[in-house]
Each structure stands twice: as C-alpha cells, then as structure tokens.
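One structure is given below, encoded as structure tokens.
The values are calculated or read from the model by the stated rules, or taken from the named source; none is laboratory data. The structure presented is a predicted model; accordingly, all values stated were derived computationally and were not measured. Glycine gets a Cβ as well: all are built from the backbone with ideal geometry, and neighbour counts include every protein chain shown. Each accessible area value is taken on the protein alone, full model and side chains, heavy atoms only, with ligands, DNA and RNA left out. Shrake-Rupley method; radii C 1.70, N 1.55, O 1.52, S 1.80 Å.
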Amino acid sequence: KALDFSRPFLPETFARVTQLPFLTPREQLALNHIRAHGYLAMFELVEESILPFVTEQVEKDDGRDPHRGPALKQFALEEAKHIELFKRFKREFADGFGIECGFIGPPEAIRAELLSHGKLAMGIAILGIEWMSQGHYVESVRDDGDLDPQFKSLLKHHWVEEAQHARLDALMVQSMAKK
C-alpha cells in the first residue's frame, strides 16, 4: 500500500507544524512528512541498536528458564522485522516525497556509541524507548482519524509488539540489576 501524501503522517503533538504560522498549509504538511521521515529513521536506528543487545542476551541464556531463551529469540526476530519494516517505509517515503531527507549520523557511529555503554544502562535506555513508543501511540496516534492510514498502521503494529518487548526488557533489566 502506498503512503497518502495528501494526509499528515504524524499527529500534531509529534510534528508541531501548526505552531509555525508563517508556513502555508501545504508547507506544514510537507514538514509533517519530513518529521515523519525523521521518526522512521530514528526508530530504524534504535531497532538496529536493540537487535545486537537482545542477540547477546540470547547467547548468554543459561537455559535455566525454559521460556526465557525462546522469548528472547522471538524478541530478536521481531526487532529484525521492525528494521526491515522501517527501511521499507523509508523507501516508500523517498519514492513518494520526491526529495531526499537526511538524518543525523552517521548511524553506525551513533549505534556504536549507544552499545558502548554498560548492559544495564543499555537495558534501561531500551525500556525507556519502548515505553515512549507506547505513550506516543496511545496518547496521540490511536484516536487521530486525520492521519494517513498506512503510516498509522505502521505505528499501531509497532506499538503492539513493543508492548510485549517492554515486558521482556523489564525482566532483563531486573535480572541485570540483581547481578
């Protein structure tokens, strides 16, 4: 399904484009789309940082809990799926928007910096990001009928799986904190 560039992708609480009255409505919509691209790129970067962290947790699994290893493997598979999903949406965005939008970076350096911190710090940061994505969807996206349905669907399905990931992250953080 194609993105509908005649509609906003992000709710106003994220995009904050109407606070710029010097922009025309068309320019405000374009800025909403640009900020949505930044949101996609940010989550791609975050997911690419989470995947090696979770994979390492899978590799460290001692097998004492028969459910932990499979749950973490599923978590890693879903993070890999999210990375691909955000990449596909960025490609769809690029095809439809017509102008290349950049993002902070290089992403590899940001990812390396994130992963250079202690495991507990990384676990807490990941948990915070997952809680943030939960809040974003519930508080701003879910009931906004003006958004492009395709982009809204992306945010909804990401929200559903991140709710499960937040529970697993909380358990990982508790385990790390005990050590």
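Looking at region 71-106, which of its residues are farther than 25 Å from Ala163 by Cα and not in a loop (DSSP other than H, G, I, E, B)? Once the filter is applied, which keeps residues that are farther than 25 Å from Ala163 by Cα and not in a loop (DSSP other than H, G, I, E, B), region 71-106 yields Arg91, Glu92, Phe93, Ala94, Asp95, Gly96, Phe97.
Scanning region 8-48 for residues that are open to solvent by less than 30 Å² (accessible area, probe 1.4 Å) and part of a loop (DSSP other than H, G, I, E, B) returns Phe9, Leu10, Pro11, Val17.
Looking only at region 103-111, decide whether some residue is open to solvent by less than 30 Å² (accessible area, probe 1.4 Å) and either of a type outside the set (D, E, K, R) or on the phi > 0 side of the Ramachandran plot (or both). No, because not a single residue in region 103-111 is open to solvent by less than 30 Å² (accessible area, probe 1.4 Å) and either of a type outside the set (D, E, K, R) or on the phi > 0 side of the Ramachandran plot (or both). Is it true that Phe5 is surrounded by 12 or more Cβ atoms within 10 Å (Cβ to Cβ), at pLDDT 95 or above and touching a Gly at 6+ places or on another chain (Cβ under 6 Å)? In short, yes.
Restricting Arg64, Arg68 to residues that are more than 21 Å from Gln164 (Cα to Cα) and either touching a strand residue (DSSP E or B) at 6+ places or on another chain (Cβ under 7 Å) or open to solvent by 40 Å² or more (accessible area, probe 1.4 Å) (or both) narrows the list to Arg64. Of Leu114, Leu127, which residue is part of a helix (DSSP H, G or I), aliphatic (A, V, I, L, M) and touching a Ser or Thr at 6+ places or on another chain (Cβ under 9 Å)? The match here is Leu114.
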